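Below is one structure, written out as structure tokens; the observations come after it.
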Amino acid sequence: MAHVVVPEAEAILDKEYKVLDHGFVRLVDYMGGDDRIVQSARVSYGKGTKTVREDKMLIAYLLEHDHMSPFEQVVFTFHLKMPIFVARQWVRHRTARLNEISGRYSVMENEFYLPKREDICFQSTSNRQGRSDEVLPEELQDKVLNLLTRSFEQVYSGYSALIDENISRELARINLPLSLYTQMYWQIDLRNLLHFIQLRIDKHAQKEIRQYGEILAGIVQIVTPFAWEAFNEYTLSSIKLSGKKVKQLVEALKESDPSLLKKLGISDET
């Protein structure tokens, strides 16, 4: 296989994409692009003998039919900065390699996530793990922001006092909250990155991690535009139906317009 260089990816290497108040996403390195997916699928050498149109169609076919192993040949390495509560959700995806800053070796910076006013909401009554869309009164927003700011100042002051007394860093850190920012290097192949993005830009995901997911999605679109287009078409823009619902759909189409079954490629014996 020939070494794959994507000029658009080269242009954004080490570019810092701001997220939340202190966070960021940086593409540190990448291996491969759309060409690598095609090379892997065809097990060919060099850039290949097919046209761009045929390469694009091949990638779409692979993704549509869930032939995902060629996508594992493309690898991304990111430098990430995020609040610890976002990181705890992040590491639930156990299909990547990561190295996180250690509070045992490093003095943690005085940086905490403070939500925007519009993001301070009541608990949702329909979603046990989410927030509602109801806008809070301004005085309650002020109360929440002031409470959080004071607690950040107090806890970091205590942390700094322990560090100044030469208390071990691994103990001094234990009272730091989930709002504290952490950093990590995170390496993942395209197949698993697409799955991560699918879950983390979903409307049911927490808003803060969705913002990171959207940045990652934009980077994938730059590095592997054909793969992203196919992913958007066959995954993000598609729907999943149970066997029961498929049968209901077939029966409804038989009654209304049987010709649609053929156009949609659905067997009337489904």
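The peptide list 136-147, 197-208, 179-190, put in order of mean Cβ contacts within 10 Å with the highest first, becomes 179-190, 197-208, 136-147. The translational diffusion coefficient of the chain, from Stokes-Einstein at 20 °C and 1.002 mPa s with a Kirkwood hydrodynamic radius over alpha carbon pairs, comes to 98 µm²/s.
Partner lysines whose Cα lies under 28 Å from the Cα of K116, excluding those fewer than 8 positions away in the same chain, are identified as K15, K18, K81, K143, K203, K207. Using a Gaussian network model of the chain in which every pair of alpha carbons under 10 angstrom is joined by a spring, one finds that among I101, I37, I222 the greatest mean-square fluctuation is at I101. Once the C-beta distance of D66 and Q154 is scaled by a Förster radius of 51 Å, the resulting FRET efficiency is 0.50 to the nearest 0.05. A Förster distance of 22 Å, applied to the separation of the beta-carbon atoms of F122 and N146, puts the FRET efficiency at 0.75.
Relative to the current alpha-carbon distance between E214 and S106, full extension at 0.36 nm per residue lengthens the span by 35.9 nm. The residues packed around A60, meaning those with a beta-carbon under 12 Å from its beta-carbon, carry a net charge of -4 if Lys and Arg are +1 and Asp and Glu are -1. Please find, in a Gaussian network model of the chain (springs between Cα atoms separated by less than 10 Å), the residue of L253, L148, L27 whose mean-square fluctuation is greatest. Taking springs between Cα atoms under 10 Å, the residue moving most is L253. Its residue count N fixes a reference of 2.2 N^0.38 Å for region 139-212, and the Cα radius of gyration divided by that reference is 1.57. Which residue, T125, T149, T224, has the most motion in a Gaussian network model of the chain that connects Cα atoms within less than 10 Å? Of T125, T149, T224, the Gaussian network model singles out T125 as fluctuating most. Each principal axis of the Cα cloud of region 1-122 was taken in turn, and the coordinate range along them, longest first, works out to 54, 37, 27 Å. Here, P(r) means the percent of Cα pairs in each 10 Å bin from 0 to the largest distance; for region 167-270 it is 11, 27, 20, 23, 10, 5, 3, 1.
No value in this document is a laboratory result; all are computed from the given coordinates. In this text, all values refer to a predicted model and were calculated from it rather than measured experimentally. When we count neighbours, we look across all protein chains shown, and the Cβ atoms used for this are built from the backbone with ideal geometry, even at glycine.
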